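Notes for the one structure printed next.
Each value in this text was obtained by applying a stated rule to the coordinates, not by laboratory testing. Because the structure is a prediction, the values reported are computed rather than measured. Methodologically, a virtual Cβ is constructed for each residue, glycine included, from the backbone with ideal geometry; neighbour enumeration extends over all protein chains shown.
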Amino acid sequence: MGVWQVPSDLLARSRFTVSPMVDTVAALRALYHPRTPWQRAWRGPHVEAFQRMLAARPVARALLPASFNPRWVADFLTIAPASPEPTFAAELAAVGRLPDERIRADLRATRPEPLAAELLADGLTGQVVALLDWVWTHTVEREWPERERRLRADIVARTAALSRGGWAGVFADLNRNMGWLGDGRLQVNDYPDPPLSLSGAEQLFFIPAHCRRGWVVWDRPTRFGMVYPARGVLVDPTSPAPDGLARLIGANRANILARLDTPLSTSQLVVVTGLSLGTVSDHLRVLLDAGAVSKRRSGREVLYWRTPLGDALAAGG
């Protein structure tokens with residue numbers, strides 16, 4: 001499944017969207033096994049409650065190692081959205097309609113070892129639904145408005161890239177091991193599987209998420225999608241700014257300017273720089289007045305990016 005054969009009319013109908021379930025699965029992975037500084041920092045306030053929940057739910061505790069391996073996520077966690085604007089309730093209901101044996105089959109495909117005894121009892125689907133609902137309710141839902149703004153800001157930046165370089169330009173930096181190979185071939189990972197034809201597909205989505213690496217979502221044969229890391233949200237905030245630029249305009253402004261090679265929102269800059277909202281806003285105002293950045297509104301967000309003067313400053317730094 002390393003390459004999808006994508007008909008031109010399907011690519012023409014494809015679109016970017018956000019998925020509450022995708023971000024919930026990303027949050028579950030971060031709670032279970034955080035891999036980046038952002039994920040470890042985000043996990044901190046939630047980890048004790050998460051561990052207490054697992055201690056009280058042995059089936060959920062057994063589900064985690066069976067559902068994730070370094071190269072694959074169990075398919076019941078990767079169902080493609082059924083609509084362009086999915087709700088968490090609708091996506092959770094799609095998981096809830098799966099029979100127990102489908103869940104077990106997906107787990108066996110993810111991990112070769114025998115399933116734990118806790119996963120063989122009736123009611124497995126209900127346990128999966130309860131686990132996902134807990135993660136959504138206790139961690140993602142309260143911050144979903146802010147998450148959604150960051151994700152939609154990424155989509156705006158991607159569609160700007162689409163207007164400049166077409167789909168090939170978008171795919172060039174969408175995700176690791178993903179790219180447009182030409183002749184209708186989209187590489188979605190580096191697995192050595194035979195190409196998969198999407199000739200019968202009706203929908204193709206590209207979904208940004210708060211994740212370190214992306215994954216495939218699907219509800220074969222009609223719906224497919226690719227999850228990718230939203231630009232900037234997992235960047236290490238301790239990453240230093242260019243030294244020369246920092247001496248010229250100050251470390252914080254240099255840090256902000258260095259990251260604006262593509263459009264980012266104020267909230268994204270808060271995440272990737274580690275600065276407060278007020279501090280980021282003040283520095284952006286100075287950079288705007290100096291002509292080093294431009295801005296425009298996209299829905300509820302304002303996106304900022306470097307001007308040619310800003311590019312020259314960053315390159316000089």
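For the reader, a short list of remarks on this structure follows.
- The C-alpha atoms of the chain define a longest principal axis, and helix 47-56 lies at about 0 degrees to it.
- Nearest 10 degrees, 0 to 90: helix 100-110 Cα axis against the chain principal axis: 60 degrees
- Alpha-carbon centroid distance for the pair the stretch 55-106 / the stretch 259-317, whole angstrom: 38 Å
- Taking a sphere under 11 Å around the Cβ of Leu124 and counting the other residues whose Cβ falls inside, with K and R at +1 and D and E at -1, yields a net charge of -3.
- Residues in the stretch 11-44 reached by a label modelled at Ala93 [backbone nitrogen below 16 Å; 7 Å Cα→Cβ]: 20-21
- Taking amide hydrogens as placed 1.01 Å from N in the peptide plane, the amide H of Val217 sits under 5 Å from those of Gly225, Met226, Val227, each at least 5 positions away in sequence or on another chain.
- Fully extending the segment from Asp173 to Arg35, taken as 0.36 nm per residue of separation minus the present Cα-Cα distance, adds 47.6 nm.
- One quarter of the surface of the convex hull around the alpha-carbon atoms of the chain equals 17.0 nm², the direction-averaged projected area.
- Proximal charge balance of Arg213 [Cβ under 9 Å; K/R count +1, D/E count -1]: +3
- Prolate/oblate/rounded label for the stretch 243-316 (Cα gyration tensor, a/c 1.5): oblate
- If the chain linking Glu118 and His138 were pulled fully straight, counting 0.36 nm for each residue of separation and taking away their Cα-Cα distance, it would gain 4.8 nm.
- Between the amide H of Ser197 and those of Gln5, distances stay under 5 Å, these residues lying 5 or more places away or on another chain, with hydrogens modeled in the peptide plane.
- In Hz, Karplus ³J(HN,Hα) per residue of the stretch 178-195 (6.51, -1.76, 1.60; θ = phi - 60°; x = Gly, Pro): 10, x, 8, 9, x, 6, x, 9, 10, 7, 9, 6, 9, 5, x, 7, x, x
- Computed 3J(HN,Hα) for the stretch 286-294, one whole-Hz value per residue from the Karplus formula 6.51 cos²θ - 1.76 cosθ + 1.60 where θ = phi - 60°, is 5, 5, 5, 4, 7, x, 8, 9, 10, glycine and proline marked x.
- Each DSSP beta bridge with both residues in the chain is either parallel or antiparallel, and the antiparallel ones are about 65%.
- Derived scalar couplings ³J(HN,Hα) [the stretch 77-92; Karplus, 6.51 cos²θ - 1.76 cosθ + 1.60; whole Hz; x for Gly, Pro]: 8, 10, 7, 5, x, 8, 8, x, 10, x, 9, 4, 4, 5, 5, 5
- In a fully extended conformation the segment linking Arg212 and Arg61 would gain 52.1 nm over its present Cα-Cα distance, using 0.36 nm per residue.
- For the chain, adding -39500 (n - 2.57) for each run of n ≥ 4 DSSP H residues and dividing by the number of residues yields -14500 deg cm²/dmol at 222 nm.
- The chain: relative contact order as a whole-number percent, Cα under 8 Å and 6+ apart: 23 percent
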